[in-house]
Amino acid sequence: MKRWLAVAALVGGMTIPVASSSSAASTPTITMSFKGVPAGSSVVLIGSKTAKKISSTERKVALPASFKGKGESTYRFSIHFLSPSGRYIGPTVFGIKGSKKWTTNVIAKSSMKLGTITYKADGWGKSSMKLSTGQYGKALVGAAKDGKPKGRSEEHTSELQSQFRISYAV
């Protein structure tokens with residue numbers, strides 16, 4: 001009989017569901033490196049149903065199956081920073097090839113390299129990787145020329161809070 005547990009870590013008033021660490025051989029992995037991240041900070045990858053917290057020193061991460069939408073073959077996620085105390089700091093943005101737009105939403109069909117993610121002093125990260133068609137979700141509305149987010153819309157804040165509250169089965 002399966003045992004259901006509501007596993008959550010409180011982060012700045014929001015609850016983060018934690019994905020299980022089991023991974024199948026066919027599970028895609030993402031490879032990235034981080035630059036300038038404050039000591040003791042961590043990174044959380046937020047998928048469609050769960051989140052996966054990692055150290056800012058990890059370079060290769062297997063994407064959990066829970067990052068796939070129902071009936072989908074793609075993995076959808078975004079990357080965010082947490083302070084050493086677990087407080088939410090900010091998102092990572094990715095440029096879009098052939099455009100001056102930016103996104104926080106990554107779509108992976110297979111393993112992929114996300115380049116170097118540089119932490120910015122005002123609490124957000126910028127990837128050296130520009131995503132191609134089919135590798136990103138919504139483009140950010142109101143992002144500055146260099147990709148700096150200009151705050152979260154109510155819709156985005158609500159979506160993040162919703163994702164932080166989802167529990168997973170063990």
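Below, the figures for the structure above:
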{"read-out": "Val37 - accessible surface, heavy atoms, 1.4 Å probe, Å² rounded to 10", "value": "30"}
{"read-out": "Charge context of Pro38, other residues only, Cβ under 15 angstrom, K/R +1, D/E -1", "value": "+2"}
{"read-out": "Cross-link partners of Lys68 among lysines (Cα-Cα below 18 Å; sequence separation of 8 or more within a chain)", "value": "Lys49, Lys52, Lys53, Lys109, Lys138"}
{"read-out": "Cut-off 13 Å, label 7 Å out along Cα→Cβ of Lys148, residues of region 85-127 by amide N", "value": "120-126"}
{"read-out": "R0 of 22 Å, Cβ-Cβ distance Thr74-Thr118: FRET efficiency to nearest 0.05", "value": "0.25"}
{"read-out": "Accessible-area order (highest first, 1.4 angstrom probe) of the listed residues Arg59, Arg76", "value": "Arg59, Arg76"}
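The values are calculated or read from the model by the stated rules, or taken from the named source; none is laboratory data. All values reported here derive from a predicted model rather than from experimental measurement. As a convention, Cβ positions derive from the backbone with ideal geometry for all residues, glycine included, and neighbour counts pool all protein chains shown. Areas reflect the complete protein model, heavy atoms only, side chains present, ligands, DNA and RNA absent. Shrake-Rupley method; radii C 1.70, N 1.55, O 1.52, S 1.80 Å.
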